[in-house]
Amino acid sequence: MSDKPARVRFAPSPTGYLHVGGARTALFNWLYARKTGGQFILRIEDTDRNRFVPDSLQDILDSLRWLGLDWDEGPEIGGPSGPYFQSERLDEYQRWGDWLVEQGKAYRCYCTPEELEQRREEQRARKEDTGYDRRCRWLTPAERAEREASGLSWVVRLAVPTKGQITFHDEIRGDITFENRLLQDAVLVKSDGWPTYHLANVVDDHDMGITHIMRGDEWLSSVPLHWHLYQAFGWDPPVWAHLPVILNPNGQGKMKKRQIMQPDGTIVPVYVHNYRDMGFLPAAMVNFLCGIGWALDGETEIYDVETAISAFDIPAIQASPGAFPAEKLDWMNGVYIRNLSPEALMIGLVPFLSAELGIDEELLRHDARLQLLLPFVQERIKKLTEAGNLIDYLYFDPVIASPEDLVPRKTTVEQVRTGLAAAADALAQLQSWDEASIEQTLRALADDLDLKAGQLFSPIRVAVTGKAVAPPLFVTLLAVGRETVLQRLLAAMQLLP
Ligand code: GLU
């Protein structure tokens, strides 16, 4: 396949937030534009006013930007083929609708919705396929004139061939043959003068010079009709490539517009903004989405977007549906987090920590204690949202649910009490408050008291952090600070029976 600069588009309708499936479609188009040095166009297909969801447009733009999928033409930036909102291009569709009627490729249909419904009812009663019977297609000029004169409203329908077949090519699925008799004379212009998806989509792809249409599989069934529309206009169709469906994580059913509950109770959301809010990194998300229906080399899972751009190719996209591998995303995100520089990690974490702990972002950014613990946090989290729980004791006294939490197995309450008291004493007397001194002192103390390290360290950990698992003990104590450590050891001792 040639790699001439491609003009590709992502054409969402503002009828819902950006779904991960939509994001994958946008990404593949964007990759191909970047690979070929072409343009990625964002077009908003907002002709279905009944299904309009007001904040969905902003969500789509924000989500694409968060993923780094910048568009070369489209909303907010314009471009030579604008406007990029279909609602601002109505004249164009009207003009082409009229043109098709003049050319005899389309016709005005005066049947009312009630009449159509009644006929469908009759078809159902006769156990026939329901559909428009094309009666307005065959009206004589006189009958037509009569209807026009009586002021009936009309829609424009495409006059599709009723016999024969067409064969079109899909870059992913190969040649597909379709029987024309299965087609309807689809509506192109509605009675209110607005275009349907079919007309607006085909006119715009032509007007905007789109070379490749890459979109979800659910649109494959529209191609025969679009093929006839291109034919009627006398235009060459772009290259079609229909991306495989994304299935639910369990491999059953298409991933729809609702979050999915896994058997273990975890929730798999479907909107891109959910993933942003859950603490996924955009680079990890992009890497992950690349792998749904496409693979770099069948082996390498972690690769950056530049690598994906240079290797991306449409025929290499798989045709069969694949499940949404939710666990892989968690793993990938952990890998991306561990690869961040300390500065980048701090930048990524601060908004999450601030929101969770209610602490000013500026304060967090410059907190040396937090910086001290950051490398340990980095090793342990798979999502940015998991960090707060690992370091909240830097800012708040722990809540110890039960005194038993302070007492390790095979250890008596008395041993814990003595251990905590002796640790408080020893730490109070330390010459220098540094990690090595803290470690040395506590290890020596365990020996003196004839305790195993864990028998002494775990009560201290719980007393100071409220957790059984936290970053390594000595650096934790260092970060929390001597005064606070001593206070918390005493508070813990008072909890003991
Ligand atoms: N507006 C359609 C959608 O919401 C676009 C389909 C296409 O790309 O042709 O998915």
* Structure fact -> Per the list (1) in contact with a strand residue (DSSP E or B) (Cβ under 7 Å, 6 or more places away or on another chain); (2) touching a residue at least 24 places away in the same chain (Cβ under 8 Å), residue check on MET261 breaks on (2)
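Before we move on, is HIS226 buried (at least 19 other Cβ atoms within 10 Å of the Cβ), within 12 Å of the ligand (Cβ to nearest atom), more than 18 Å from the chain's Cα centre (by Cα) and without any contact (Cβ under 8 Å) to a residue 40 or more places away in the chain?
Working: buried (at least 19 other Cβ atoms within 10 Å of the Cβ): yes; within 12 Å of the ligand (Cβ to nearest atom): yes; more than 18 Å from the chain's Cα centre (by Cα): yes; without any contact (Cβ under 8 Å) to a residue 40 or more places away in the chain: yes.
So HIS226 fits the description; yes.
Can you confirm whether LEU220 is assigned to a helix (DSSP H, G or I), of a type in the set (A, V, I, L, M, F, W, C), surrounded by 19 or more Cβ atoms within 10 Å (Cβ to Cβ) and within 16 Å of the ligand (Cβ to nearest atom)? Quick ask: steps written out before the conclusion?
Numbers: assigned to a helix (DSSP H, G or I): yes; of a type in the set (A, V, I, L, M, F, W, C): yes; surrounded by 19 or more Cβ atoms within 10 Å (Cβ to Cβ): no; within 16 Å of the ligand (Cβ to nearest atom): yes.
No.
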* Go through the residues of region 127-145 one by one and say whether even a single one is of a type in the set (Asp, Glu) and touching a residue at least 60 places away in the same chain (Cβ under 8 Å). => no
* Pair list, Cβ < 6 Å and 6+ apart or interchain, from region 1-28 residues that are closer than 16 Å to ILE41 by Cα and of a type in the set (Phe, Trp, Tyr) to residues that are assigned to a strand (DSSP E or B) and within 9 Å of the ligand (Cβ to nearest atom) -> PHE28/MET214
* Output the number of the condition that GLU362 fails; it satisfies all remaining conditions of (1) crowded, with 17+ Cβ neighbours inside 10 Å; (2) without any contact (Cβ under 8 Å) to a residue 40 or more places away in the chain. => (1)
* Answer yes or no: is there a residue in region 368-384 that is exposed (fewer than 15 other Cβ atoms within 10 Å of the Cβ), more than 30 Å from the chain's Cα centre (by Cα) and either β-branched (Val, Ile, Thr) or not in a helix (DSSP H, G or I) (or both). => no
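Can you tell me how many residues in region 290-318 are in contact (Cβ under 8 Å) with a residue 40 or more places away in the chain, among the aliphatic types (A, V, I, L, M) and closer than 19 Å to ARG173 by Cα?
First, pick out the residues of region 290-318 that are in contact (Cβ under 8 Å) with a residue 40 or more places away in the chain: 290, 292-294, 305, 308-310, 312-315, 317-318.
Remaining after also requiring among the aliphatic types (A, V, I, L, M): 292, 305, 308-309, 314, 317.
Add one more test, that the residue is closer than 19 Å to ARG173 by Cα, and what stays is 292, 314, 317.
Of the residues in that region, 3 qualify.
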* Flag if ALA421 is surrounded by 14 or more Cβ atoms within 10 Å (Cβ to Cβ) and part of a helix (DSSP H, G or I) -> no
* Identify, by number, the condition in (1) assigned to a helix (DSSP H, G or I); (2) touching a residue at least 24 places away in the same chain (Cβ under 8 Å); (3) under 25 Å from ARG380 (Cβ atoms) that ARG461 doesn't meet. => (2)
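For every residue, the table says whether it meets (1) surrounded by 15 or more Cβ atoms within 10 Å (Cβ to Cβ); (2) outside any strand (DSSP E or B); (3) among the acidic types (Asp, Glu); (4) within 20 Å of the chain's Cα centre (by Cα).
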{"residue": "ILE41", "(1), (2), (3), (4)": "yes, no, no, yes"}
{"residue": "VAL53", "(1), (2), (3), (4)": "no, yes, no, yes"}
{"residue": "LEU57", "(1), (2), (3), (4)": "yes, yes, no, yes"}
{"residue": "ILE60", "(1), (2), (3), (4)": "yes, yes, no, yes"}
{"residue": "SER63", "(1), (2), (3), (4)": "yes, yes, no, yes"}
{"residue": "TRP66", "(1), (2), (3), (4)": "yes, yes, no, yes"}
{"residue": "TRP71", "(1), (2), (3), (4)": "yes, yes, no, yes"}
{"residue": "SER81", "(1), (2), (3), (4)": "yes, yes, no, no"}
{"residue": "SER87", "(1), (2), (3), (4)": "yes, yes, no, no"}
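Every read-out reported here was derived from the displayed coordinates using simple, explicitly stated rules and does not represent laboratory data. Since we're looking at a predicted model, the values are computed, not measured. As a convention, Cβ positions derive from the backbone with ideal geometry for all residues, glycine included, and neighbour counts pool all protein chains shown.
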